[in-house]
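> Have a look at the structure that comes next, please.
The values are calculated or read from the model by the stated rules, or taken from the named source; none is laboratory data. The shown structure was predicted, so the numbers you read here are calculated from the model rather than taken from an experiment. Cβ coordinates were reconstructed from backbone atoms using ideal geometry, including for glycine residues, and neighbour counts include every protein chain displayed.
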Amino acid sequence: MKLNKIINTDCIEGLKKLEENSVDLCVTSPPYNVGIEYDDWNDNMPYIDYMGFAREWLTEVYRVLKPDGRIAVNIPYEVNMKKLGGPNRILISSDYHQLMKEVGYGFAGIVDLREKAPQITKYTAWGSWLSASAPYMHNPKECILIGYKEQWKKLEKGESYYDGSEESKKEFIEFVSGRWWYFAETRKLTDANFSLNIPEKSIKFMTYKDDLVLDPFMGSGTTAVACVNLDRRYIGFEISEKYYDIANKRIDKVWSKKLTTEKSEEFWM
């Protein structure tokens, strides 16, 4: 399978075509099953079916990861599926963690994502707060579950992102703290945007130059954009033809800008 490509296909079908032990990092944000109206995906499954699907793609990702390969899964801490006819409250981060353990992943940590410009969330009906019989509490925060295949330590060292500067040192300190700042993507690229900060920081923290990064749910191509910017190879899948087209147009612009910048730097050297 050619690299530095997004393929318009179901992620399970795409993953089955990847070679075993070929991927350095999988970084992704899967659908949350909270009723978003995607054009080519049912985001309103019975919860048991949704977790069955999660097991399937996590198992395929495990197969294609190298023995020292890593995974970063961006999900909410909790979801409310009552309006979809499901359970009232689900600690989905816990369910994903348990599922990853069952598949075979080792646990390397959890990242608490801290949004620099958080969205306003409706917590409860203020007309009833003086005598609330069933106050609604909701934590809108998200996290990243980080795992690995057989071992966390890289078998071979490569060219790191860190250059010894004070700025890169501060970034590394943030990464190992388990609390990452990010800006939410506010452009309506898809129905569920993926913040560029999340794959960028994951890639900086967990890969070397030219490593292969996988995203089974490419959406608007955010992970691919991060890979181009950071000199990593990428492969990914997107079931929606609409999102696939959006992603390719976006990535073409990023490649064009990168090549123009490199030619300009060569000219002035």
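> Determine the pairs where a residue that is free of Cβ contacts under 8 Å to residues at least 60 places away in the same chain and closer than 22 Å to Asp24 by Cβ, located within region 37-64, has a partner that is part of a loop (DSSP other than H, G, I, E, B) and hydroxyl-bearing (Ser, Thr, Tyr) with Cβ atoms under 9 Å apart, the partner being 6 or more residues away or on another chain.
Matching pairs, first to second residue: Leu58/Tyr105.
Residue by residue, here is whether (1) modelled with pLDDT of 95 or more; (2) buried (at least 18 other Cβ atoms within 10 Å of the Cβ) holds:
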site	(1), (2)
Lys188	no, no
Tyr208	yes, no
Leu212	yes, yes
Thr223	yes, yes
Trp268	no, no
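> List the residue pairs whose Cβ atoms are under 7 Å apart, where the first residue sits in region 126-152 and is in a loop (DSSP other than H, G, I, E, B), the second is of a type in the set (Val, Ile, Thr) and modelled with pLDDT under 90, and the two are 6 or more positions apart or on different chains.
So the pair list comes out as Ala132/Thr124; Pro135/Thr124; Tyr136/Thr124; His138/Thr121; Pro140/Thr121.
> Say whether the condition of being part of a loop (DSSP other than H, G, I, E, B), among the β-branched types (Val, Ile, Thr) and either within 30 Å of Arg179 (Cα to Cα) or at pLDDT 95 or above (or both) is met by at least one residue in region 242-258.
Going residue by residue through region 242-258, those that are part of a loop (DSSP other than H, G, I, E, B) are none.
There is no residue in region 242-258 that is part of a loop (DSSP other than H, G, I, E, B), among the β-branched types (Val, Ile, Thr) and either within 30 Å of Arg179 (Cα to Cα) or at pLDDT 95 or above (or both).
> Hey, any hits in region 86-94 for a residue that's among the basic types (Lys, Arg), outside any helix (DSSP H, G or I) and either within 17 Å of Phe237 (Cβ to Cβ) or touching a residue at least 60 places away in the same chain (Cβ under 8 Å) (or both)?
No, the conditions are met nowhere in region 86-94.
> Name the residues in region 14-39 that are charged (D, E, K, R) and either more than 19 Å from the chain's Cα centre (by Cα) or closer than 20 Å to Glu142 by Cβ (or both), would you? Can you show your working first?
Filtering region 14-39 down to residues charged (D, E, K, R) leaves 16-17, 19-20, 24, 37, 39.
If the condition is that a residue be charged (D, E, K, R) and either more than 19 Å from the chain's Cα centre (by Cα) or closer than 20 Å to Glu142 by Cβ (or both), then Lys16, Lys17, Glu19, Glu20, Glu37, Asp39 are the ones that fit.
> Working only within region 24-67, note down all residues that are among the aliphatic types (A, V, I, L, M) and either buried (at least 20 other Cβ atoms within 10 Å of the Cβ) or part of a helix (DSSP H, G or I) (or both).
Of everything in region 24-67, those that are among the aliphatic types (A, V, I, L, M) and either buried (at least 20 other Cβ atoms within 10 Å of the Cβ) or part of a helix (DSSP H, G or I) (or both) turn out to be Leu25, Val27, Ile48, Met51, Ala54, Leu58, Val61, Val64, Leu65.
> Counting just the residues of region 12-23 that are of a type in the set (A, V, I, L, M) and part of a helix (DSSP H, G or I), which one comes out surrounded by the most Cβ atoms within 10 Å (Cβ to Cβ)?
My answer is Leu15.
> If you don't mind, there's one more thing I want to ask. When you scan region 141-159, do you find a residue that is touching a His at 6+ places or on another chain (Cβ under 9 Å) and within 28 Å of Arg89 (Cα to Cα), even just one?
Within region 141-159 (the criterion being touching a His at 6+ places or on another chain (Cβ under 9 Å) and within 28 Å of Arg89 (Cα to Cα)), the answer is yes, since at least one residue qualifies.
> I need the full set of residues from region 204-223 which are more than 12 Å from Thr28 (Cβ to Cβ) and among the aliphatic types (A, V, I, L, M), in order please. Working first, answer last.
Within region 204-223, the subset more than 12 Å from Thr28 (Cβ to Cβ) is 204-212, 220-221.
Residues satisfying the conditions are Met206, Leu212.
> Still on this model: In contact (Cβ under 8 Å) with a residue 12 or more places away in the chain, of a type in the set (Ser, Thr, Tyr), part of a loop (DSSP other than H, G, I, E, B) and in contact with a Lys or Arg (Cβ under 7 Å, 6 or more places away or on another chain), is that true of Ser160?
no
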